[in-house]
1. Any idea which of G176, G109, G97 is part of a helix (DSSP H, G or I), in contact with a Phe, Trp or Tyr (Cβ under 8 Å, 6 or more places away or on another chain) and buried (at least 18 other Cβ atoms within 10 Å of the Cβ)?
2. Is there a residue in the range 44-52 that is crowded, with 19+ Cβ neighbours inside 10 Å, assigned to a helix (DSSP H, G or I), of a type in the set (V, I, T) and at pLDDT 85 or above?
3. Determine if the range 121-138 includes at least one residue that is part of a helix (DSSP H, G or I), within 17 Å of V188 (Cβ to Cβ), among the aromatic types (F, W, Y) and more than 20 Å from the chain's Cα centre (by Cα).
4. Could you identify the single residue in L150, L119 that is of a type in the set (A, V, I, L, M, F, W, C) and surrounded by 17 or more Cβ atoms within 10 Å (Cβ to Cβ)?
5. Considering only residues that are of a type in the set (K, R), out of contact with any Leu (no Cβ under 7 Å at 6 or more places or on another chain) and either more than 28 Å from G176 (Cβ to Cβ) or in contact (Cβ under 8 Å) with a residue 40 or more places away in the chain (or both), which ones fall in the range 121-146?
6. Condition check: assigned to a helix (DSSP H, G or I) and more than 14 Å from G175 (Cβ to Cβ). Does A75 satisfy that?
7. Among G82, G103, which is closer than 17 Å to V141 by Cβ and either without any contact (Cβ under 8 Å) to a residue 12 or more places away in the chain or in a helix (DSSP H, G or I) (or both)?
8. With respect to L185, determine if the residue is touching a Phe, Trp or Tyr at 6+ places or on another chain (Cβ under 9 Å), buried (at least 20 other Cβ atoms within 10 Å of the Cβ) and either part of a helix (DSSP H, G or I) or modelled with pLDDT of 80 or more (or both).
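The values are calculated or read from the model by the stated rules, or taken from the named source; none is laboratory data. Quick caveat: nothing in here was measured; it's all calculated off a predicted structure. As a convention, Cβ positions derive from the backbone with ideal geometry for all residues, glycine included, and neighbour counts pool all protein chains shown.
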Amino acid sequence: MAIGASVGKGGKNELADVLVVQHLLNGWLADTDQTLLPTTGNCGPLTIAAIFFLLFLLFNSLRYATLIILVLPFASIGGIIGLFVTGEYLSVPASVGFIALWGIAVLNGVVLVSYIRTLRESGMSLRNSVVRGATQRFRPVMMTATIALLGLVPFLFSTGPGSEVQRPLAVVVIGGLITSTLLTLVMVPVLYRWFDDQKPEPKDLSV
């Protein structure tokens with residue numbers, strides 16, 4: 001009986017120690033968010049500027065760089081909605097998730113715009129280039145977004161140690177991928193008509 005009481009008392013002490021450590025960890029994470037969030041927020045504009053510069057080097061055109069940068073709001077909308085629906089707040093992991101999300105969204109935009117531009121340079125009309133580009137690049141864009149989304153699903157439902165970091169990041173990336181993929185496949189081909197810099201050719205190739 002004394003042994004059982006001793007074991008029970010020891011278990012209670014261990015549970016109390018775990019609760020204390022968890023409380024301290026939550027407080028440390030909150031303090032870390034308050035300290036690092038302004039610094040991480042400053043990385044957003046720098047990241048966008050760096051992406052724009054790299055896009056300009058890739059396409060050697062301000063028009064195409066601007067067109068692809070326009071996919072960032074499409075991605076950010078989904079991330080913000082995801083945070084609102086799940087009750088998460090804008091923390092350091094969520095900010096890192098936005099930066100990772102922007103990279104995936106820009107990659108999908110580059111895949112789509114590059115193919116449409118290649119079709120235009122081959123002599124195809126603007127309308128047919130946009131239609132074929134959106135059709136032929138639908139599968140690669142969807143596969144890229146789907147693989148990234150499925151890889152983050154376990155983080156979305158994590159409940160163990162580290163879930164405070166994993167869950168906001170997964171929510172932002174998954175929500176943003178849903179909206180950015182759909183809007184990229186629809187809006188980028190539509191907007192391309194206003195950003196096209198190729199001279200109209202008399203020859204029109206069929207789709």
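1. Result of the check over G176, G109, G97: G176.
2. Applying the first criterion (crowded, with 19+ Cβ neighbours inside 10 Å) to the range 44-52 yields 51.
Subsequent filtering for residues that are assigned to a helix (DSSP H, G or I) retains 51.
So of that shortlist, the ones also of a type in the set (V, I, T) come out as 51.
Pick out the ones that are also at pLDDT 85 or above and you get 51.
Looking through the range 44-52, at least one residue is crowded, with 19+ Cβ neighbours inside 10 Å, assigned to a helix (DSSP H, G or I), of a type in the set (V, I, T) and at pLDDT 85 or above.
3. no
4. When all the criteria are applied, what remains is L119.
5. R127
6. The answer is no for A75.
7. From the options G82, G103, the qualifying one is G103.
8. no
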